[in-house]
1. By how many degrees, 0 to 90 and rounded to 10, does the Cα axis of helix 39-48 deviate from the longest principal axis of the chain?
2. Compute the long axis of helix 197-212 from its Cα atoms, compare it with the longest principal axis of the Cα atoms of the chain, and write down the angle in degrees, 0 to 90, nearest 10.
3. Give me P(r) over the chain, computed from all C-alpha to C-alpha distances, binned every 10 Å, as integer percentages.
4. Where does helix 111-125 land angle-wise versus the long Cα axis of the chain, in degrees 0 to 90, nearest 10?
5. What's the local net charge at residue 145, with K and R +1, D and E -1, over the other residues with C-beta under 12 Å away?
6. Could you give the length gained by full extension between residue 178 and residue 2, i.e. 0.36 nm per residue of separation minus their alpha carbon distance, to one decimal place?
7. Just list whichever of 46/174; 29/129; 27/129; 46/126 have alpha carbons separated by over 26 Å in the model shown.
8. Can you pull the one-decimal nm distance between simple spin-label points at residue 127 and residue 99, each 7 Å off the Cα toward Cβ?
Amino acid sequence: MTPVFSPIDTNTWPRKPYFDYFYYGVKTKYNINYNLDITTLIKKIKERELKFYPVMLYVIMKAVNRHEAFRYSFDANGILGNWNYVNPSYTIFHEDDKTFSDIWSEYDEDFTIFYATIIRDMTLYKDVKGLKARADRPQNFCPVSALPWLSFAGFSQDTYTESSLLFPIIRFGKYYTENEKTSLPLTVFVHHAVADGYHTCELINDIQALANEPAAWLNESAS
């Protein structure tokens, strides 16, 4: 896919009053936590002997790329615009010293291609240490990470420096089974300037819908 950045005409952009209020005025970011039902998805993953992390990255990125609200950013010149798609920027864990590194992969809507790309990149960079194991991350990226050691009930984050990041930050925890239902803790950290509660709920509902019907996108040749 070829990334395309489309600048926003702020003179005609309906969201401009909301953007200005939450970006320049009452600077607001928020978290929404949700227990994702992955009962059907985990069954399919186990049947196919697929790795869970790459599959969840696909589910999340496919949903994110459906929504314009989560593809806004500033370009290198500080111009506000929207990307036609975003790539996953995700963490890998180093078991030997308990550190993590960020890498990124190219997004593809086709699950087979996406899964193979993630597996390749995770293998290639698994022993590269440092915060940024893969250089040259493109401007169109969405941060995703996993906390596979805990089935958390909630997650919140804050920073003490200004940030122009408008993409959501998405994390998920350790899945667990209760009363024959398998759940995955999911949290979405959002900049209110580009997305209200409605938009974030739409995103989470889309992630849930994709998890409910993996047969609709899980290409049978992907093992």
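1. With both axes taken from Cα atoms, the answer is about 60 degrees.
2. 20
3. Answer for the chain: a P(r) of 7, 32, 37, 19, 4, 0 percent.
4. Roughly 90 degrees, rounded to the nearest 10.
5. Details: positive: 171; negative: 102.
Once all neighbours under 12 Å are counted, the net charge is 0.
6. On the way: separation 176, 0.36 × 176 = 63.36 nm, distance 4.29 nm.
Extending this stretch completely gives an extra 59.1 nm.
7. Working: 46/174 16 Å; 29/129 30 Å; 27/129 34 Å; 46/126 23 Å.
Beyond 26 Å between Cα atoms: 29/129; 27/129.
8. 1.6
None of the figures in this text is laboratory data; all of them are computed from the coordinates on show. No experiment lies behind these values; they were computed from the predicted model shown. Neighbour counts are summed over all protein chains in view; Cβ atoms, including those assigned to glycine, are modelled from backbone coordinates with ideal geometry.
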